[in-house]
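Bear in mind these aren't lab numbers, they're just calculated from the coordinates by the rules spelled out. Being a predicted model, the structure only gives us computed values, none of them experimental. Cβ: placed from backbone, ideal geometry, glycine included. Neighbour counts: every protein chain shown.
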Amino acid sequence: MSDATPTPTSPHAAFVAGLPKAEIHVHHVGSASPRIVSELAARHPGTVPADLDALRDFYTFRDFGHFIEVYLAVVDLLREPEDIRLLTYEVATEMAAQNIRYAEMTLTPWTSVQAGVPIEAYVEAVEDGRVAAERDHGIRLRWVYDIPGESGLPSAVDTLGFALDHAPETLIGFGLGGPEVGVDRPQFKDVFDQARAAGLHSVPHAGETTGPQTVWDAIHVLGAERIGHGTSSVQDPELLAYLVEHGIPLEVCPTSNIATRAVDVLENHPLKQMYDAGVTVTINSDDPPMFGTTLNREYEIAADLLGLDEQGIADLAKNTVHASFLPAQEQAALAAEIDAYTAGTGPLAG
């Protein structure tokens, strides 16, 4: 975990920094910066250290299971609506500083409700933070309600209830996160069917720490329109071909996969195999401060792994725009902004 933006090492760092971007796989709590985590930990003393140096040690993950333990410890710091509002605004502020214009952010309201925050207060807090960030920084946020898979079907039923009965108009998607091992996707079919019937997009995590069958289940059983991570898809050529044929994007988060040990080293990351197969890949940061990264840094890494020039990086950024659930007219406007910047005629060029 880092309390500063990683030192740019890529020859494309300056271009990436100014590039208008969207992000579609980023977690609300996982985006808490060291400064905010430290402040919350001081406010609610317990298992999470308030000291920044101690936080760095705390965020050294042994494996994916340990990451989940640490993540949930930080979730437990969000005990009051003001904690949630503060986090939402500060995360959006930091995203806007990277020229992220639009983000579909994953919220896990179930854990906050379990901690004693009423769902009505939770929604009011995230919406207050969202509105203030858009007013102050111009960034637009939309929400995906996420089932914490480790808490099983009861959490899924509750999360569905939150989505159907307490959703703000800015709720656009329904997801499934947490560990995959031992958490079969088919058990969640009914709640995803109901969420989709209510007009929400299906965006579950799949194939991050398990094999391609989890991705198949996400598609065929949960009706996935995008796949969170999908790292193991490259193990199944038939699956890759299906993703290409049906235009199902993968939400790729390279540093996250290394930090959670889903992939051993960046040089072995399957991003290039996905890209070369013709799959629509999008670049995202997942839980950036926890993994010591930023979305800008993820683009630098992707450019290196794929051997992209500036136009290639811009095309990758447009992949994310077109994989988002923005209305077509707004997608076109953001894609045009990316093109103008890349051509050197946009407001950030030069």
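A few comments on the model shown:
- At least 18 Å along the helix axis (C-alpha) and Kyte average at least 0.5, DSSP helices within the chain: 152-165
- Across the range 1-106, Cα-Cα distances exceeding 17 Å account for 59% of all pairs.
- Remark on the range 67-201: Rg and Dmax equal 14.7, 43 Å (Cα only).
- Sequence-distant lysines (8 or more away, or on other chains) whose Cα lies within less than 19 Å of Lys318: Lys21, Lys272
- Distance from the range 207-232 to the range 84-119 (C-alpha centre basis), Å: 25 Å
- Peptides ranked, highest mean first, by Cβ atoms within 10 Å: ranges 332-339, 80-87, 181-188: 80-87, 332-339, 181-188
- The Cα-based radius of gyration of the range 166-254, divided by its Kirkwood radius, gives an Rg/Rh of 0.97.
- Helical content alone sets the calculated 222 nm signal of the chain at -14500 deg cm²/dmol, taking -39,500 (n - 2.57) per DSSP H segment of four or more residues and averaging over every residue.
- Assuming charge only on the beta carbon of Lys and Arg (+1) and of Asp and Glu (-1), the dipole of the chain about its Cα centre is about 260 debye to the nearest 20.
- Neighbours of Val183 by Cβ distance under 14 Å: Lys/Arg scored +1, Asp/Glu scored -1, total -4.
- Between the amide H of Gly178 and those of Gly149, distances stay under 5 Å, these residues lying 5 or more places away or on another chain, with hydrogens modeled in the peptide plane.
- 5 angstrom amide H check on Ser285, placed H, neighbours 5+ away: His25
- With coordinates expressed along the principal axes, the C-alpha atoms belonging to the range 161-315 extend over 45, 34, 30 Å, beginning with the largest.
- Proximity of backbone amide H atoms, modeled 1.01 Å from N, is registered between Leu171 and Trp143 at under 5 Å, excluding neighbours fewer than 5 places apart on the same chain.
- Listed candidates (i) 19.3; (ii) 25.7; (iii) 15.9 - label of the one calculated as mean projected area of the Cα convex hull in nm²: (iii)
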